[in-house]
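Taken together, the values in this text are just the output of simple stated rules run on the coordinates, not laboratory data. Keep in mind the model is a prediction, meaning the values are calculated, not measured.
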Amino acid sequence: MAKLIFERPTITRLTPGVPSKHGVGTAIAPMPLIEGIKVDDLMDKYGSPLSIFSERTIQKGMEDIKRAFSIRYPKVQMAWSYKTNYMDAICRIFHKEGSWAEVVSGFEYEKALRNGVRGENIIFNGPAKNAAELEKAVRNGSFIHIDHLDELYLLSDVCHRQNLEARVAVRVNMDIGIYPKWDRFGLNYENGEAWDVINRIMINPKMKLMGLHTHIGTYIMSTDAYRIAATKLADLACNIAQKFDHYISYIDMGGGFASKNTLRGAFLSGEDTTPSFDEYAEAITSAIINSQIKPDKLPTLILETGRALIDNAGFTTGSVIANKRLSDSRRATIVDVGVNLLFTSFWYDHKIHPVNSHSGLVEETTIYGPLCMNIDVIRPSLMFPALKSGDRFVITRTGAYNTTQWMQFITYRPNVILIDHNREVHVIRKGETLEDISHNEEIPEYLK
Amino acid sequence: MIIKENIALSENGFVFNPSTGDSFTLNNTGKEVLMMIKDGKNLSQIADLMLVRYDADRVTIERYLEDFLNDLSLNNLMEE
C-alpha cells in the first residue's frame, strides 16, 4: 500500500470574533499545475526558486484589453511599458501582439530597438533623457514625450544644431480628484504650464506636436480619475485645434490600471475590487468621444498598460526551508523566495498556494524569505497550511516589476522560464552564476 | 508525556479544554498523534507507527512531533 503524504501535525486555537459579511475565506487551494504542466516537474528540472511566465495568459490579457477599448473607440494602439517587464522574450510577445514600445531611459530605448521595434513605434517617456539619447530618438522618428521645460530647451537645441525635426508630445499632470496627486512628472494642467509649453512647441519650427500624454499614477482603482484626465486632455486638444488649426494624432493615457493583486492592508481582495478593462475603457473613451473634438479628427488612443497585462501571467515558485516559532508563539515559515526576487511583496499581500494537496486546515503564519535581513518578509501574517521543509508552493500574479526591480543581493537570481502558447517550456533567463555577478569587477594589482 | 485528563477530543479533530473554555482544531496528523498520546504511547512508539503509515523519514517525523508536543504544552493541554 502506498504511504500517505506526511503533513506536520498542527493544533490551532479557535478564536471567536465578530462575524463579518465581508470576511474572506481562508481556504487555500493547492496549485499542482501551471498551464497544464506539473509544477513539481518544472521545479525538478529548473530548480527552486523559479520564475514562470505564461504566454497564453499574456495573449488573453491583450485580447481582453483590445476588445474592451476597440468596441468603444475607433483607433486604439497599445504600447508595452518596458519598465514593467523588460525581459526580451516577454517584450517580444507583446510586440508580436501588436504593441509598440514605451520606454523611459536610454537603456530601455536600446532594448526596444534590439527587440526589433521600429524607431517610429517607440514612445520615449521619462524625466532624464540626455542630448545623445534625444538626438538618436529624433533621428529614428520616435515620439518624445516632453517632461519638463529644461528638456524642451535641450531638445530644441539638439534639433537646431543638427537641423532635425522632432515628433513630440507633452506630458501633462493634473488634479484628477485622487490622492496622492502625481505632479512630479510632466507639466501641470491647472497652473497653465502645460498650455505654455504647448504654445512654445507650436511656434518652434523644429518640433511637431503629435500628441498629449498623461500618466495619472499606478494601481489606480478609480475609473473616474481616468475620465477626468481624458476630459482635460481632450480640452487641451480642442484648444490646440482652435488656436493653431492643428489636430494632434494621439492621446496617450499612460498606464496605471490595477491588477487583481491585493494591496497590503486592503480589507477586500483585489479580485473583488479592481475595475475591469471594460470599466476603464468606458470612462476613458466616453470622455474623449463626448468632448468637443470633431468625430473625423478623433486622435488615436494610446495605452501604456503594463501591470494589469503581465501581473497575472507571472508565477514564482519556491520551497519551504524551515519552520520556527516566534517569541509570541506565532508560526514562522522560512522559504527560498525573498524580497530580492519578489520586490512586490512590499506592496502586495501575494496569494500563496501549496503545490500539493493538504488537509485544508490553516494556521496563522509569517512567511520570511531566505535573506539574513529583517526586511525580508513575504507575508507578515496569513492563514497558511502546515507545510514542512522541502514542500513547494506557488506565488501567483508576480509578473509585473519583479524581474525588473529584483535585486542581486546575498544570493543568485534563479532561472526564468516561459510556457509558450503550445505549452512548450523555454528558459528565457538563465539562473545566475558567480561569474555572471563578478565579471564586471576588477581587482587592483596590489590585492592580487 | 501525559495529556490533561479532562481534555475532550472528538473523532473529527475538535479539542475542548473545559477548565479554560478554550477550543482547538487539529489537522489529521495532529488528531492521530493526540489520540496516540491519550492511549499512553510515548514519542518513540508514535514515531514508529507514523513511519509505517507516512512517506517521511524518522528525523522529519520526530522533529515535527517534538514541535507539536511543544504546541500542546503552550496551549496548556499537557500535564506539567
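Relative contact order, whole percent, for chain A stands at 20, derived from Cα pairs under 8 Å and 6 or more residues apart.
Once the Cα-Cα distance is subtracted from the 0.36 nm per residue extended length, the residue A:64 to residue A:150 segment shows a gain of 27.0 nm.
Note on residue A:443 and residue A:118: the extension gain reaches 112.9 nm, defined as 0.36 nm multiplied by sequence separation minus the Cα-Cα distance. Adding -39500 (n - 2.57) for every DSSP H run of four residues or longer, then dividing by how many residues the protein assembly as shown holds, sets the calculated 222 nm ellipticity at -9500 deg cm²/dmol.
Could you tell me how many degrees, from 0 to 90 and to the nearest 10, lie between the Cα long axis of helix A:277-289 and the main elongation axis, the longest principal axis, of the Cα atoms of chain A? Compared with the principal axis, the helix lies near 10 degrees. Remark: for residue pairs A:208/A:243; A:206/A:232; A:60/A:260; A:75/A:297; A:111/A:136, the C-alpha separation exceeds 19 Å in A:206/A:232. Summarising the amide proton neighbourhood of residue A:431: residues at separation of 5 or more, or on other chains, whose placed amide H is nearer than 5 Å comprise A:415, A:416. Working note: Cα gyration tensor of segment A:55-311, eigenvalues times five, square-rooted, sorted largest first, giving semi-axes of 28, 22, 17 Å.
Compared with the direct C-alpha span, the chain from residue A:190 to residue A:4 gains 60.2 nm at full extension, assuming 0.36 nm per residue. Under the criterion of Cα pairs below 8 Å and six or more residues apart, the relative contact order for segment A:55-311 equals 20 percent.
The share of alpha-carbon pairs in segment A:275-340 lying farther apart than 19 Å comes to 63%.
Per the Debye calculation on segment A:231-362 with a single equal scatterer at every Cα and no solvent contribution, log₁₀ I(q)/I(0) for q = 0.10, 0.14, 0.16, 0.18 Å⁻¹ amounts to -0.55, -0.81, -0.95, -1.09. For segment A:187-301, report the convex hull volume of the alpha-carbon atoms normalised per residue, in Å³, without decimals. For segment A:187-301, the hull spanned by Cα atoms encloses 113 Å³ per residue. Computed over every Cα-Cα pair of segment B:8-74 and binned at 10 Å starting from 0, the pair-distance distribution P(r) comes out as 19, 53, 23, 4 percent. Every Cα-Cα pair in the protein assembly as shown was counted, and those over 30 Å apart are 58% of them.
Taken over the Cα atoms of segment A:287-411, the convex hull encloses 161 Å³ per residue.
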